[in-house]
Every structure is written in structure tokens, then in C-alpha cells.
Amino acid sequence: RLYDQNGLLKPLERYEDNNYSYYSEQQVVDAVMIREMKLPGLPVSEKKNLLQTPTLGNFKLELESKIAALQHDIDALHEQLKYTRSVHELVENALSVYTLEGGSHNIQFDEMPPQTVLFIRRKGYVNANQLFWDRYNELQKLREELQATPAGPFSAIFYDHYFNQFFFDEGDLEVYLPIKEAGKTGPNIRKIEPFQRASVVFVGWYAKLLASYVDLVKQIEKNGYKIVGPGYEEYIVEFSYGVPEEECVTRISFPVEPIN
């Protein structure tokens with residue numbers, strides 16, 4: 001009946017009084033052929049073509065076309081699986097700091113690891129009261145085009161004074177995403193070399209980061225260091241994870257070196 005509805009195999013006769021359908025022996029053979037075509041996943045349109053022109057050459061061509069389509073699906077699923085595993089890894093890492101209570105936490109001096117990143121830098125809106133969702137979206141589209149796998153959280157570099165994002169709308173902002181493909185090259189790909197940094201982790205909404213910045217600067221000087229580069233923000237738990245504002249987690253940091 002399904003083959004009949006799809007126009008693949010009309011019965012030889014159909015009795016209206018009992019609604020029985022009758023098929024010839026050749027049609028039974030055709031039904032077996034249709035079943036065999038179904039196993040490799042040939043769509044209805046291709047089954048119709050093969051029944052109309054049942055040659056071995058046509059069957060070979062249809063199978064080759066199906067193999068190519070299945071391989072494309074496998075490749076796409078492989079990329080999706082790789083991306084999903086990578087995001088799962090990021091979320092798993094974020095959980096280690098996710099249980100921290102609101103506010104900033106102890107200053108830490110360590111080395112920023114070397115990274116290959118996708119980046120977009122330009123002057124534009126930088127105010128902390130508004131999400132950089134447009135920059136985030138632009139960066140993710142770039143990642144999809146380049147088939148890159150994220151290796152770290154969405155991050156930003158504020159090349160103007162860190163105060164600017166809290167008091168001004170415009171500024172020089174770079175957003176970047178670490179990727180696992182260290183050998184990739186392109187106009188929007190660069191390497192961040194390792195450097196010594198001082199950082200604190202803040203739990204809460206981005207607009208409330210100013211006090212943590214001020215405290216971090218004071219602690220850097222108190223510990224005998226000086227700031228030698230722009231401010232970095234790593235959005236360890238960010239808005240795209242669907243968490244409430246007060247549960248976002250951000251690491252803010254500066255490149256530093258000892259005061260001689």
C-alpha cells in the first residue's frame with residue numbers, strides 16, 4: 001500500500017467490493033527490487049527512475065550518488081560531534097569555577113598559555129552595559145566558515161584604558177576565540193605568545209567588573225609588578241550558556257612584569 005501511495009507499484013487489479021489488491025508475478029519481483037533499493041536509502045524519486053529504466057548502469061550511478069550524499073552527511077556529523085565535544089570540554093572546565101560565590105576572588109600570577117586564535121579587531125561599541133552578541137555571532141560565523149574547533153572561551157582585549165568600557169561607548173576592541181587547529185593560517189588567525197599575567201576571576205554581570213579591575217590594578221602594584229599591556233577578559237561562563245546574569249564567570253587579566 002505504501003508503494004502504491006508513492007506511485008511506485010500500482011496493483012494490477014483492485015476489487016472495490018472487498019478493497020483487495022491483486023499483483024502479477026512480475027510486480028512481486030518489482031516489489032523485491034524496491035525493497036532492495038530501500039536498504040541503501042535511495043529516495044522515492046530515484047526508485048521511480050530505476051523502475052522506468054532498470055539498467056545496471058543506472059543502478060550503479062544512483063548508488064554512487066547515494067554514497068557521495070551519505071559521505072557528506074558523515075563528514076558533517078563528524079564536524080558536529082567534534083564541536084559538541086569541544087564545547088562540552090569548555091563547560092566541564094567552567095564548572096570548576098562555577099560554584100564560586102559572586103564578586104572577585106584572589107589575585108593569581110601565572111603564564112598565559114600560547115594560543116592560536118580567530119580574532120576580529122576594530123573600533124566600535126565597547127560599553128560593558130551591553131552584550132557583545134554581534135561580535136560573538138560574527139566570530140562564530142567565521143569559525144564555521146573555517147571549520148575550526150574552539151579550544152577556549154570567547155574572549156576580548158580592550159586596547160584602550162580599561163576604564164573606557166564603563167564610561168564610554170566607543171573603543172578599540174578585539175574579540176577572539178582560541179582554536180585547536182594550531183597550523184591554520186589566514187587574515188583573521190594569529191598566535192598569542194605566552195606572557196606573564198596577573199588575573200582575578202569575577203562572578204556576576206559584566207557591567208559590575210569595574211571594582212574588580214580597580215582592585216586588580218592595586219594588587220599588581222602591591223605585589224611589585226607593573227602592567228605592560230592591555231586588559232583581557234575571558235568569558236568562562238557566558239550568556240550563550242543560558243545562565244542568569246549573576247552566575248556569569250569572567251577572568252580579567254593584565255600582562256605584567258616585575259618592577260625593577
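Just a few scattered comments:
- Residues in segment 116-147 that are outside any helix (DSSP H, G or I), open to solvent by 30 Å² or more (accessible area, probe 1.4 Å) and hydroxyl-bearing (Ser, Thr, Tyr): Tyr125 alone.
- Elements of type helices (runs of 4 or more DSSP H) contained in segment 22-101, each with 2 or more residues being at pLDDT 75 or above: 56-98
- Lys191 being among the charged types (D, E, K, R), more than 20 Å from Ala94 (Cβ to Cβ) and either in contact with a Leu (Cβ under 9 Å, 6 or more places away or on another chain) or in a helix (DSSP H, G or I) (or both): no
- Residues (open to solvent by less than 60 Å² (accessible area, probe 1.4 Å) and among the aliphatic types (A, V, I, L, M)) located in segment 217-234: Val217, Ile220
- Among the candidates Val249, Val200, Val237, residue that is under 17 Å from Ile157 (Cβ atoms), open to solvent by less than 40 Å² (accessible area, probe 1.4 Å), touching a strand residue (DSSP E or B) at 6+ places or on another chain (Cβ under 9 Å) and modelled with pLDDT under 95: Val200
- Pairs where the first residue, in segment 119-145, is more than 19 Å from Tyr241 (Cβ to Cβ) and the second is exposed (fewer than 15 other Cβ atoms within 10 Å of the Cβ) and aliphatic (A, V, I, L, M), C-beta under 8 Å, 6+ apart: Asn129/Ala207
- Those residues of segment 176-204 which are farther than 30 Å from Gln219 by Cα and either out of contact with any Phe, Trp or Tyr (no Cβ under 7 Å at 6 or more places or on another chain) or of a type in the set (Gly, Ala, Ser) (or both), in sequence order: Ile179, Lys180, Glu181, Ala182, Gly183, Lys184, Thr185, Gly186, Pro187, Ile189
- Residue that is under 26 Å from Gln130 (Cβ atoms), modelled with pLDDT of 90 or more and either touching a strand residue (DSSP E or B) at 6+ places or on another chain (Cβ under 6 Å) or assigned to a helix (DSSP H, G or I) (or both), where the choices are Gly229, Gly152: Gly229
- Of all residues in segment 208-226 being in a helix (DSSP H, G or I) and basic (Lys, Arg), the one that is farthest from Glu92 (Cα to Cα): Lys222
- Residue in segment 156-175 that is more than 26 Å from Lys218 (Cβ to Cβ), hydroxyl-bearing (Ser, Thr, Tyr), open to solvent by less than 70 Å² (accessible area, probe 1.4 Å) and not in a strand (DSSP E or B) present: no
The values are calculated or read from the model by the stated rules, or taken from the named source; none is laboratory data. Source: prediction; values computed, not measured. As a convention, Cβ positions derive from the backbone with ideal geometry for all residues, glycine included, and neighbour counts pool all protein chains shown. Please note that ligands, DNA and RNA were not included when accessible areas were found on the heavy atoms of the full protein model with its side chains. Shrake-Rupley method; radii C 1.70, N 1.55, O 1.52, S 1.80 Å.
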